[in-house]
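First the structure, in the form of structure tokens, and then the observations on it.
The values are calculated or read from the model by the stated rules, or taken from the named source; none is laboratory data. For clarity, every value in this text was computed on a predicted model and none was experimentally measured. Every residue, glycine as well, gets a Cβ built from its backbone with ideal geometry; the counts of neighbours run over all protein chains shown.
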Amino acid sequence: MTAKSPSESRRSNTKGTSGEVGWDVTMSLDGFIAGPDDSPGKIFDWYFTGDTPSAYSSDSIPFKLSHEDAKLFDEGIPMVGAIVAGRRTYEVSKAWEGSFFFPAPFFVLTHKAPDRVPRGTTKFTFVTDGIESAIKQAKAAAGGKTVGVMGANTAKQCIEAGFLDAMRVHIAPYLLGDGVRLFDYLGTHLVELERTGVIESSSGVTHLFFNVVK
């Protein structure tokens, strides 16, 4: 049997559907999305250790991926029209110093809006009346494009409310051993997924694509 190249490992639809709510997340093989100090550590190395610069690379965020990963990354970004993130993600990232790496309206779930927001290119809207309101506002702002979800707790709320349509899970070839677990946040009820694609990248990362069965 002849081994398949990374590009031949692609299956079915990996690009998503316009108007959907999608969650894109990287995790270690043992299920962690960050280390004990909330830092991503080695699991995000695949964004920066390849030989192909991304179209979204900059001096502040020098994205450099494998050829297959760069193609996947650069195809996915233009499909996102708005983002919904949790307050923890906003704080840990230091609000991206006011400028996320690509232009999209940003809706932050929180109990109380911060007193100060860093100045930059990103428009942050702080939503204090729950996930339904955040998704509704984000969909209106997205103009028919995908609403991207950031943060495991935010994704959990989307799943529980029936809003999440798709997941892209990037499994990095590491065992972190400790940290923030992905699946600790997802509750106990059954969530059925339909696998729509898989890419085995030369970087060692396995990309899995799922639709959430409603």
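Residue pairs whose Cβ atoms lie under 8 Å apart, separated by 6 or more positions or on different chains, with the first residue in segment 138-157 and in contact (Cβ under 8 Å) with a residue 40 or more places away in the chain and the second of a type in the set (Gly, Ala, Ser) and in a helix (DSSP H, G or I), are VAL147/ALA138; VAL149/ALA155. The residues of segment 155-214 that are at pLDDT 95 or above, assigned to a loop (DSSP other than H, G, I, E, B), aliphatic (A, V, I, L, M) and closer than 19 Å to TRP46 by Cα amount to a single one, VAL205.
Residues that are surrounded by fewer than 14 Cβ atoms within 10 Å (Cβ to Cβ) and modelled with pLDDT of 95 or more number at least 2 in none of the strands (runs of 3 or more DSSP E) confined to segment 1-114. Are any of the residues in segment 37-54 more than 15 Å from the chain's Cα centre (by Cα) and under 27 Å from ALA141 (Cβ atoms)? Yes, that holds for at least one residue. Between GLN137, GLN157, the distinction of being in contact with a helix residue (DSSP H, G or I) (Cβ under 8 Å, 6 or more places away or on another chain), more than 29 Å from PHE48 (Cα to Cα) and of a type outside the set (D, E, K, R) belongs to GLN157 only. If the condition is being within 14 Å of GLY86 (Cβ to Cβ), among the aliphatic types (A, V, I, L, M) and outside any strand (DSSP E or B), then segment 115-154 contributes ILE131, ALA134, ILE135, ALA138, ALA152.
Residues considered: GLY177, GLY148, GLY144. Of these, the only one that is surrounded by fewer than 17 Cβ atoms within 10 Å (Cβ to Cβ), closer than 23 Å to TYR56 by Cα and not charged (D, E, K, R) is GLY144.
Residue pairs whose Cβ atoms lie under 6 Å apart, separated by 6 or more positions or on different chains, with the first residue in segment 99-119 and of a type in the set (D, E, K, R) and the second surrounded by 13 or more Cβ atoms within 10 Å (Cβ to Cβ), are ARG119/GLY98.
Of all the criteria given as (1) within 26 Å of PHE32 (Cα to Cα); (2) hydroxyl-bearing (Ser, Thr, Tyr); (3) surrounded by 13 or more Cβ atoms within 10 Å (Cβ to Cβ), the one not satisfied by THR122 is (1). Against the list (1) farther than 17 Å from ASP24 by Cβ; (2) crowded, with 19+ Cβ neighbours inside 10 Å, the condition GLU160 fails is (2).
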